[in-house]
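None of the figures in this text is laboratory data; all of them are computed from the coordinates on show. Keep in mind the model is a prediction, meaning the values are calculated, not measured. Neighbour counts are summed over all protein chains in view; Cβ atoms, including those assigned to glycine, are modelled from backbone coordinates with ideal geometry.
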Amino acid sequence: AFGGSSLLLGAADQRLRAQLGYVSSPTELLPGDVSLGAQSALGGRLSYEVLFTERFGLEMGLATSQHDYVLMIVNGVPRTSDFRMTPLTLAGNFHFGDTERVDPFFGAGLSYVTIGDFSARGNSVATPVDAELTWTAQFGMDIALRGNWGLGLSISYLNFRADAGAGELGVETLSIFAGVVWSRK
């Protein structure tokens, strides 16, 4: 009666995670005579996972973080601005816990990462950044609390290079998130 959605609703276990956390500073943002020091930032993450077996699940997640940066130009005049990084991730997770209360997992998958254009404050010229498809790795743990609710912890890693204006943008981040998990068994 519900078509394709009945497959998801009939799955053994489903989890919805809403988390806040820390996203490390993207490093090595511009090469050559211009250096960019991005600050670490708070971020948010929302993900949905369907477990097809007791051990294997497929997770789709969306995270976002807003980073301030200081752009140091050749003459040493600092300029500040910010940019938003948003990875959309599809990952396969392997759950290896043996208790119903604590469920650790690790996973790997693909992320489609967009980074907003950035420009120094007071400068109308923006540097466009191409979106990139890259790999991601993650480790997480869901801890059952009461009823369908629990605590979710996760650590994820991203590493990629993207075209940014006339240069290349190298980004490497480690994200640590914690929040609530709603589970349906």
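Descriptive notes on the structure:
- Summing charges over neighbours of GLY44, with a neighbour being any other residue whose Cβ is under 15 Å away from its Cβ, gives +3 when K and R count +1 and D and E count -1.
- Inter-label distance, TRP149 to ALA166: 5.6 nm, where each label sits 7 Å from its Cα along the C-beta direction.
- Net charge, VAL23 excluded, C-beta distance under 14 Å - Lys, Arg +1, Asp, Glu -1: -1
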